[in-house]
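The values are calculated or read from the model by the stated rules, or taken from the named source; none is laboratory data. This one's a predicted model, so the numbers in the text were calculated from it and none came from an experiment. Neighbour counts run over all protein chains shown; Cβ positions are idealised from the backbone, glycine included. SASA here: full protein model, heavy atoms, side chains in, ligands and nucleic acids out. Shrake-Rupley method; radii C 1.70, N 1.55, O 1.52, S 1.80 Å.
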Amino acid sequence: MIYIKTDAEIKLMREATSVVRDYLHYIEEKIRPGISTYELDRLSYEFIKKCGAIPSCLGYEGYPATICASVDDVVVHGIPSKKIILEEGQIVGIDVCVGKNGFIGDAARTFAVGKISEAKQKLIDVTRECFFKGIGVVKAGVRLGDLSEAIQKHAESHGYSVVRELVGHGIGRSMHEDPSVPNFGVKGHGVKLKRNMTIAVEPMINMGKREVTLDDDDWTVRTLDGSPSAHYENTILIKDDGVEILTL
Ligand code: MF3
Ligand code: CO
């Protein structure tokens, strides 16, 4: 069931998403060689608490941390750890969910750790572009498949592959609501988007093959071929004439 928000609910959602926005600026400054993903998680928890908000990932289906920190071949859901110390040349995806007023905002960015290769930078750039190509075709009345196809086409035109096992999602009072928002699909298919739907659009793009594997911790998702993967996500609001990106 898709929950279409009232204007009053959208107003409430803006507070959660604006904390996410501030958080992303905050954490970007903390990414550097030598910092552990555990330390990034600790800083994230403190920042969100200071904003009077709730770290919604913490405890979600037993998830043990505030953020997901996904290094290089980790696609998503990397669990922060004292043992994972960022090194120059790596890329790290930071994914966060913040609750306020009973509503949740969700976003992710992939950051460079120090100086990275041109190939990794291009992967980060194209993944971000995939998001914008996708939302570029969206407004009320458009079908979800239009967004999905636009994302997939852009990724594959660069020789990259789209992860199938994980998808974007509706978002609101719950982190994951209907509809599912795949990063692959066919134009003209899928549900029709309506004004005041709120969805998280989150391309997960691999430099190599699309297959992924799950670590023994039951969270960490990696590329099967060990190639780097990037993630870029925002919570967006569907409008009559387009979209508004609430977490940017
Ligand atoms: N933020 C993630 C998403 O985009 C959810 C992370 S799973 C969690 O759906 F367990 F960490 F919450
Ligand atoms: Co999400």
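Rounded to the nearest 20 debye, the dipole magnitude of the chain is 660 debye, with +1 charges on Lys and Arg beta carbons, -1 on Asp and Glu beta carbons, and the Cα centre as origin. Per residue, the chain reaches -9500 deg cm²/dmol at 222 nm when only DSSP H runs of four or more residues are counted, each adding -39500 (n - 2.57).
Under 5 Å from the amide H of residue 75 lie the amide H atoms of 221, 222, 223, each residue being 5 or more positions distant or on a separate chain, with H modelled from the backbone and absent for Pro and chain starts.
Within the shell defined by Cβ-Cβ distances under 10 Å, the residues around residue 172 carry a net charge of 0, with Lys and Arg each +1 and Asp and Glu each -1.
The Cα atoms of the stretch 93-201 give a gyration tensor whose axes a ≥ b ≥ c have a/c of 1.5 or more with a/b no greater than b/c, which makes the shape oblate.
Summing charges over neighbours of residue 243, with a neighbour being any other residue whose Cβ is under 11 Å away from its Cβ, gives 0 when K and R count +1 and D and E count -1. Pairs of lysines in the stretch 25-135 whose Cα atoms sit within less than 24 Å of one another amount to 17, provided the residues are eight or more positions apart or on different chains. Accessible area per residue (1.4 Å probe, heavy atoms of protein chains only) ranks 207, 13 as 207, 13, with the largest value leading.
Phi angles of the stretch 175-182 translate, via the Karplus equation with coefficients 6.51, -1.76, 1.60 and θ = phi - 60°, into HN-Hα couplings of 5, 10, 10, 5, x, 5, 10, x Hz per residue; Gly and Pro are given as x.
Entry note, the stretch 7-245: relative contact order of 21 percent, from Cα contacts under 8 Å with a spacing of 6+ residues. For the stretch 151-248, a crude dipole built from +1 on the beta carbon of Lys and Arg and -1 on the beta carbon of Asp and Glu, taken about the Cα centre, is about 540 debye to the nearest 20. Since only 24, 92, 77 are under comparison, the one whose Cα sits farthest along the positive direction of the charge dipole of the chain, derived from C-beta charges on Lys, Arg, Asp and Glu, is 24.
Taken one residue at a time, the phi angles of the stretch 33-44 give Karplus couplings (6.51, -1.76, 1.60, θ = phi - 60°) of x, x, 8, 8, 5, 4, 5, 4, 5, 4, 4, 5 Hz. Gly and Pro are set to x.
Note on the stretch 7-245: with neighbouring protein chains present and a 1.4 Å probe, carbon and sulfur make up 49 percent of its accessible heavy-atom surface.
The phi-based Karplus calculation (6.51 cos²θ - 1.76 cosθ + 1.60; θ = phi - 60°) puts the 3J(HN,Hα) values of the stretch 228-240 at x, 9, 10, 9, 9, 9, 9, 8, 10, 10, 7, 10, 5 Hz, whole numbers, x for Gly and Pro. D by Stokes-Einstein for the stretch 7-245, Kirkwood Rh over Cα pairs, 4 °C, 1.567 mPa s: 73 µm²/s.
Between residue 93 and 70, 71, 72, 111, the built amide H atoms are under 5 Å apart, and every one of these is 5 or more places off in sequence or on another chain.
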